[in-house]
Amino acid sequence: MIALFCMTLDHLAVTLAEPLVIYLFAGKRTEVAIGMMIVGLMRCIGRVAFPIYCFFIYEGFKHTRSKLKYMLRLFILAIISEVPFNLALAHRIFSYRYQNVFWTLLLGLIVIVEIDGINKIFNNKYLILVSEILIISSGMIIAELANTDYGANGVFAIVIIWLMSNSKLVTSIICHIVGTGLELLSVRFLTTENIILHAIMFIVFVVLIYQINKRTLNKIKGVSACCLELTVNNSIEIFSFLMIPLMLLYNGEKGKMNKWFFYFYYPVHLALFTGIGFLIGVYS
């Protein structure tokens, strides 16, 4: 429920609150500033949602009876969610600019399944390392080329939970380099300052990922790394760390919420918010 609440608040800010502030207070600088502050607060709270979903993917991977059926459910939901997502973000039925988060979650799950299988098949640690890097990098590249929500970093944020649970520090660091490289390549005007900033963030990532592996409670090690990966690539994601106290309360038991409600809530609430936006004319 916490993930749904935070996600809803974030999407409400993007689809209705922000365009409504601009629509109602056009030309009124003070009112727009106050309104955008409220929108910003809503978006900060919304940062908690994605790392929780990343953790859900990892938990689903560990406990599902059929990984194939799990992937199929995510695939179906990704297709169903695409039109509501496009309407909400681009206000059109088809848009290649941005694909919904279920594609990111699906890619993350596929990568986890593949690298877990590799670790069970091979015994040579160098062969395992190379295979992990190739599989993870492929998933990240696909996400970046397809413009999925959170992109390459979103896929890696899911995968790093598995990596940290298995103490895969070297793989984590190398794949973070790949993700940073993909992000730099996507920047249209690459500057020296941008490269230096990413180099500093990489050093921060290496130091903190080491500390997380050594000192963090095993229960929250993976999600801490997940939040860190998101944050070093987008500063607003620092608010995702608000989920850590929630993780300390997690007892490992499955919640009582119907899984189909959990899945279909995403496209339904997007369609509802977007429909309201079109009705009141804030997208014109």
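Just checking the listed ones, Glu237, Glu59, Glu132: in the Gaussian network model of the chain with Cα springs under 10 Å, the one fluctuating most is Glu59.
Ligands, DNA and RNA left out, the accessible area of the stretch 88-134 computed with a 1.4 Å probe is 66% carbon and sulfur. Per residue of the chain, the DSSP helices (runs of n ≥ 4 H) give a summed -39500 (n - 2.57) that works out to -25500 deg cm²/dmol at 222 nm. Quick one: pull the percent of accessible area on the stretch 143-284 belonging to carbon and sulfur, 1.4 Å probe, ligands and nucleic acids left out. Ligands and nucleic acids excluded, carbon and sulfur give 68 percent. Which angle between 0 and 90 degrees, to the nearest 10, do you get for helix 259-280 versus the longest principal axis of the chain when only C-alpha atoms count? Between the helix axis and the principal axis of the chain, the angle is about 30 degrees.
Its Cα gyration tensor gives the stretch 172-250 an equivalent ellipsoid, and the semi-axes of that ellipsoid, as √(5λ) in whole Å with the largest first, are 26, 13, 9.
For the options Ser131, Ser66, Ser165, a Gaussian network treatment of the chain with springs between C-alpha atoms closer than 10 Å singles out Ser66 as fluctuating the most. With N counted as the residues of the chain, its alpha-carbon radius of gyration over 2.2 N^0.38 Å works out to 1.03.
Probe of 1.4 angstrom, ligands and nucleic acids ignored: what's the accessible area per residue over the chain, in square angstrom?
Working: 14950 Å² over 284 residues.
Value returned for the chain: 53 Å² of accessible area per residue.
The values are calculated or read from the model by the stated rules, or taken from the named source; none is laboratory data. The model shown is predicted, which means the values in this text are computed figures rather than measured ones. For accessibility, only protein heavy atoms count, side chains too; no ligands or nucleic acids. Shrake-Rupley method; radii C 1.70, N 1.55, O 1.52, S 1.80 Å.
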